[in-house]
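Working notes, beginning with the structure itself.
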C-alpha cells in the first residue's frame with residue numbers, strides 16, 4: 001500500500017540511475033531555490049546557443065530571466081525572454097512551479113554582464129571571457145566565487161531542509177565541456193544543447209583549440225580544479241560548487257537543478273574531495289530523453305552514486321506551440337526548471353504532478369508571453 005502511494009506521488013518524477021528508494025532522501029517541507037546568474041563571452045561564438053532572441057541580446061539573458069522570476073515580465077529588456085516565434089525561456093517553468101508551491105528563491109549574481117533590477121546577492125566577480133581566445137576567468141575570481149558560495153551555503157543550510165541550486169548562463173555547456181575535459185572526464189558528444197541540432201563538433205573544436213592555446217592535454221588538470229575553471233570554465237561553475245559545498249559541509253541536502261552543465265559542478269566537488277552523499281541532480285525529461293547528449297554516462301564517469309531525477313512536464317500535450325517546443329528539442333532546461341519542478345512535486349506530497357504544473361505554465365504563457373506577442 002505504501003509503495004503504491006509513493007509511486008502515485010512521484011508518477012511524474014523519473015529516476016535515471018537509481019531506484020525510487022533514494023528519492024525519499026530528498027523529500028522536503030522547507031526548500032529554497034537559488035539561481036546563479038552569470039555570463040561567458042564564449043556564448044557570442046555563432047552557433048553555440050539559442051539563448052536570447054539574437055546575439056545582441058545574449059548579455060541580457062540572465063538578468064531578464066531573474067527579473068521574470070520575480071515580476072513575470074522584464075525591466076532590462078522590453079517584453080519577456082523568448083524567441084521571436086514564441087519559444088519561451090525555461091524561467092516560465094521555474095516561475096510557475098515557484099508560484100504554485102510558494103517556494104522562496106534568491107538570485108546570486110556571479111558575473112552577469114547586465115545587472116537585473118531586483119534585489120540580489122553579489123559574489124563580486126567579473127564575467128567570463130571567450131575561452132577560444134582568452135583564459136576564462138581570473139584565478140582569484142574563481143577562488144572568491146567558491147569561497148563566497150561556501151559562506152552562503154552554510155547559512156542556507158541553517159534555515160532550509162533542501163537547497164535547490166540552478167543557473168542562467170548562455171553558452172554554459174561549452175565551458176562546462178572544457179572543464180570536464182581538463183579534469184579527465186570524457187564529455188565529448190555528451191553535453192546537451194538548447195537547440196535540436198546539437199553543435200557538438202563546434203563545441204569540441206573550441207575546447208580543442210583552447211587546450212592547444214594553453215598547452216594543456218586531456219586530464220592535465222585533474223588535480224587542479226580551480227585552474228581548470230580559470231582556463232576553460234565560467235563564473236557559474238565555482239559559484240554553484242561553493243554553494244553546494246557549503247550546504248553539504250553543514251550536513252544539509254542539495255539538488256543541483258540543471259542538465260549536463262551540473263556534471264562539471266559535481267566533477268569540481270569530486271576533485272576537491274567534498275563529501276557528496278547528500279547531493280542529487282534534478283533535470284527535465286527533455287534532457288533525460290535527449291539522444292544527442294548523455295547525462296547518465298557523464299555522471300557515471302564522475303560518481304555513479306549520485307541520484308539523477310527528471311520531471312515530466314507533459315509539454316507535448318500543450319496547446320501552445322511555444323511550449324511544445326520543449327518536447328521537440330528546443331530549450332530543454334535552464335533556470336533550474338527541472339529541479340524546481342521536482343521540488344514542487346516532492347513538497348506537495350502528491351497533490352502536484354506534471355499535468356497540474358503544465359496548466360500553471362500555460363496560464364503563465366498566456367499572461368506573459370502571448371500578451372507580449374500581441375501587443376505592439
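Whether a residue is crowded, with 22+ Cβ neighbours inside 10 Å and over 17 Å from residue 281 (Cβ atoms) was assessed, and residue 225 passes this test.
Checked against the criterion of being free of Cβ contacts under 8 Å to residues at least 40 places away in the same chain, part of a loop (DSSP other than H, G, I, E, B), more than 18 Å from the chain's Cα centre (by Cα) and more than 21 Å from residue 81 (Cβ to Cβ), the candidates 188, 144 yield just one match: 188. Condition (residue is more than 18 Å from residue 192 (Cα to Cα), buried (at least 22 other Cβ atoms within 10 Å of the Cβ) and in contact with a helix residue (DSSP H, G or I) (Cβ under 8 Å, 6 or more places away or on another chain)) applied to region 310-318: is it met by at least one residue? Scanning region 310-318 turns up at least one residue that is more than 18 Å from residue 192 (Cα to Cα), buried (at least 22 other Cβ atoms within 10 Å of the Cβ) and in contact with a helix residue (DSSP H, G or I) (Cβ under 8 Å, 6 or more places away or on another chain).
Identify the single condition in (1) assigned to a helix (DSSP H, G or I); (2) surrounded by fewer than 24 Cβ atoms within 10 Å (Cβ to Cβ); (3) out of contact with any helix residue (DSSP H, G or I) (no Cβ under 6 Å at 6 or more places or on another chain); (4) in contact (Cβ under 8 Å) with a residue 12 or more places away in the chain that residue 205 does not satisfy, given that it satisfies every other one. It is condition (4) that residue 205 fails.
Just one of the listed residues (292, 310, 319, 341) is part of a strand (DSSP E or B) and within 26 Å of residue 65 (Cα to Cα), namely 310. The residue list 107, 118, 137 contains one member that is assigned to a loop (DSSP other than H, G, I, E, B), crowded, with 20+ Cβ neighbours inside 10 Å, on the phi < 0 side of the Ramachandran plot and touching a helix residue (DSSP H, G or I) at 6+ places or on another chain (Cβ under 7 Å), which is 137. Between 62, 66, the distinction of being touching a strand residue (DSSP E or B) at 6+ places or on another chain (Cβ under 7 Å), modelled with pLDDT of 95 or more and within 25 Å of residue 133 (Cβ to Cβ) belongs to 62 only. Check region 213-221 and report whether any residue there is over 24 Å from residue 125 (Cα atoms), part of a helix (DSSP H, G or I) and at pLDDT 95 or above. For region 213-221, residues over 24 Å from residue 125 (Cα atoms), part of a helix (DSSP H, G or I) and at pLDDT 95 or above: present.
Of all the listed residues (56, 65), the sole one being surrounded by fewer than 21 Cβ atoms within 10 Å (Cβ to Cβ) and either assigned to a helix (DSSP H, G or I) or in contact with a helix residue (DSSP H, G or I) (Cβ under 6 Å, 6 or more places away or on another chain) (or both) is 56.
For the structure I just gave you, tell me whether residue 337 is surrounded by 24 or more Cβ atoms within 10 Å (Cβ to Cβ), under 19 Å from residue 194 (Cα atoms) and modelled with pLDDT of 95 or more. Yes, satisfied. In the set 276, 352, only one residue is crowded, with 16+ Cβ neighbours inside 10 Å, free of Cβ contacts under 8 Å to residues at least 60 places away in the same chain and not in a helix (DSSP H, G or I); that residue is 276. In summary, residue 342 fulfils each of the numbered conditions (1) within 19 Å of residue 94 (Cα to Cα); (2) touching a helix residue (DSSP H, G or I) at 6+ places or on another chain (Cβ under 8 Å) with the single exception of condition (2). Just so you know, in region 9-47 the residues that are within 18 Å of residue 310 (Cβ to Cβ) and part of a helix (DSSP H, G or I) include one that is modelled with the highest pLDDT, and it is 26. Do we have any residue at all in region 160-169 that's buried (at least 16 other Cβ atoms within 10 Å of the Cβ) and assigned to a helix (DSSP H, G or I)? No: zero hits. For residue 193, the test of being out of contact with any strand residue (DSSP E or B) (no Cβ under 8 Å at 6 or more places or on another chain), buried (at least 23 other Cβ atoms within 10 Å of the Cβ) and farther than 30 Å from residue 124 by Cβ is passed. The number of residues in region 69-94 being in a helix (DSSP H, G or I) and either out of contact with any helix residue (DSSP H, G or I) (no Cβ under 7 Å at 6 or more places or on another chain) or modelled with pLDDT under 85 (or both) comes to 2. Counting the residues of region 222-271 that are under 17 Å from residue 141 (Cβ atoms), outside any helix (DSSP H, G or I) and touching a helix residue (DSSP H, G or I) at 6+ places or on another chain (Cβ under 6 Å) gives 3.
The values are calculated or read from the model by the stated rules, or taken from the named source; none is laboratory data. All values reported here derive from a predicted model rather than from experimental measurement. With ideal geometry, Cβ positions are generated from the backbone for all residues, glycine too; neighbour counts draw on all protein chains shown.
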